[in-house]
Structure formats: structure tokens, C-alpha cells
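Enquirer: Below you'll find the structure I mean.
The values are calculated or read from the model by the stated rules, or taken from the named source; none is laboratory data. Computed from a predicted structure; not experimentally measured. For neighbour counting, all protein chains shown are included, and Cβ atoms are generated from backbone atoms with ideal geometry for every residue, glycine included.
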Amino acid sequence: MRGFLSSPRRRRRLAWTGGAAIIAAAITFSMIHWSNTSTYKEPPIRYDEPADVVAVPVARDFRVAKKEGVLEVAAAFVDTAVKRVHVERSFDLASPDLKAGYTRRAWATTDIPVQPYPLELAKYKLKGSFTDSVWLQVALFPDRAHKTVPAAVFDIVLRPYGRGRTRHWLVDSWAPAGYQGVPSGPLGGVRDKNGNPVATAVTYESPLKSRWWLLVPMSGFLAAMLVVVGIGARGWWRSSRALKRYKSKYR
């Protein structure tokens, strides 16, 4: 009785099938194991230079900054610079770092380093109050003319300038924020007929990093294996049928 590997055709097909499986496995392994080709270099330690020590911010009661008008400055900045209405008025509300390189005339052209938004309502949430800064998270909701624009959340940081009676707050940065939750306090938004702030129930979710992309090479490997197995099964089935026909013909 002839063995399974006695047929040259079977040996060739088995060799091709095994080679394809090894190549598919090698490609999948390289995609997963060496997906990040960047190299990491440890920075050298310089013992002859003083260390850069980051100062830890000192917390401060937010009520002090609130009495100094930090919320009014933030609301005015949102209603002008962000909403792009009378942008020139926001020049005096921005810190020197935020408006560096801009003249008052250049700032009024609306081409400023502040992302615009067609808001109708703004609500804030306190994220941090310190002696040298106040960090607020502001949720913006579009007006009726821009219903297709999704609600957005931004981080706004204000810093104090001056001392004593001349102490005042200026906006130092305005940037998109990723977070979960909705600020509850009104910030220069619209109000109803009774003068109460209008509330809007909207939830926000920050994008989360996922490893589901690893299923892509795995699924490709499984698909390749299925193709290889299918080709091998098809060859075995055809060889088996040919062998049966040969035996039945020459008996």
C-alpha cells in the first residue's frame, strides 16, 4: 500500500502549503513584535549642570480669584475671541505670551491663535486654582444657526498680573480638551425669561487608546491559514478521487 507522501504531487503541495504558512506566520509576528520601529535613546546625565526642578503649584482658594473677576475675564474672552465678535476687545484680555508677535491691529483681523467656535452657551468647571494660575474647563454649545456643529470642550488657563489694586487676570492659553463629564456652571451664556442660565444635558467622552488594531494582522494570518488549508484539502480531495478512479479502472 502506497503511503501518503509517496505521491510527488502531494509532496509538492505539502511543501507549498508549509512554506506559505511559515511566510504568513513570519509576517504576522513581525507586524506585532516590531510594530514600533522607533528607537529610544537614554539622555545623558550631566553631573556638572544644575538640575531643572519643576516648581509644584501652590493651591489657592478659588473664591479669591473669583472676587478678582477671573470668571468675568474668561467669559469676555470667550464672547469675543472665541466667538469672533469684536475680536479687538479681547486683545486686552490676552496675556503677553498668548498675543506675542501680534499688534492690536493684527489681533483685530481675527487671525489669532485662538480656535473659534459659534457658541450660544458656555458652561465652566474648575480644574485647578493656584497662586499663579486658574485652570477652567469650558463646554461650548452651538447657536441655532450652527446646529450641525458638535459641542466642544476647551481648557482655558488664566494668570494674574500686577499687585494690589492693579492685580488682574489675563487668558494665557486656550486649547481643546479631552475629558468625561459636563461643566455645570454658566460662563457668559444665554438665559431664559426669568434670568436663569439655560442648561443643556450633553455628555462628552475622550478618545481612548485601543489595542484592537492587533486583530488586523491576526485576522490576516487566520485568513491566510484558511486559504492554505483550503488549497491543501482541495488537492487532497482531487488526488483521492483520481486515485479511486485509477484503481477502479485497472482492477
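Enquirer: Filtering region 136-158 down to residues that are in a loop (DSSP other than H, G, I, E, B) and not aliphatic (A, V, I, L, M), which residue is farthest from residue 75 (Cα to Cα)?
Expert: Our first condition is that a residue be in a loop (DSSP other than H, G, I, E, B); within region 136-158, this holds for 143, 147-151.
Add one more test, that the residue is not aliphatic (A, V, I, L, M), and what stays is 143, 147-148, 150.
On the way: 143: 16, 147: 22, 148: 24, 150: 20 Å.
Applying the filter and picking the extreme gives 148.
Enquirer: While we're on this one: Output yes when any residue across region 195-209 is at pLDDT 50 or above, of a type outside the set (A, V, I, L, M) and surrounded by 16 or more Cβ atoms within 10 Å (Cβ to Cβ), and no when none is.
Expert: No: zero hits.
Enquirer: Scan region 93-142 for residues that are more than 15 Å from residue 155 (Cα to Cα), surrounded by 21 or more Cβ atoms within 10 Å (Cβ to Cβ) and of a type in the set (D, E, K, R) and jot them down.
Expert: Hit for region 93-142 is 99, nothing else.
Enquirer: Same structure, new question: So in region 32-71, with the set limited to residues that are modelled with pLDDT of 70 or more and assigned to a helix (DSSP H, G or I), which one is nearest to residue 124 (Cα to Cα)?
Expert: 71
Enquirer: Closer than 18 Å to residue 173 by Cβ and small (Gly, Ala, Ser): is that true of residue 75 in this structure?
Expert: Details: closer than 18 Å to residue 173 by Cβ: yes; small (Gly, Ala, Ser): yes.
Yes; evaluated as a whole, the condition is true for this residue.
Enquirer: For residue 149, indicate whether it is without any contact (Cβ under 8 Å) to a residue 40 or more places away in the chain, farther than 30 Å from residue 58 by Cα and hydrophobic (A, V, I, L, M, F, W, C).
Expert: yes
Enquirer: Identify all residues within region 211-242 that are modelled with pLDDT under 70, more than 23 Å from residue 20 (Cβ to Cβ) and assigned to a helix (DSSP H, G or I); write none if there are none.
Expert: If the condition is that a residue be modelled with pLDDT under 70, more than 23 Å from residue 20 (Cβ to Cβ) and assigned to a helix (DSSP H, G or I), then 212, 213 are the ones that fit.
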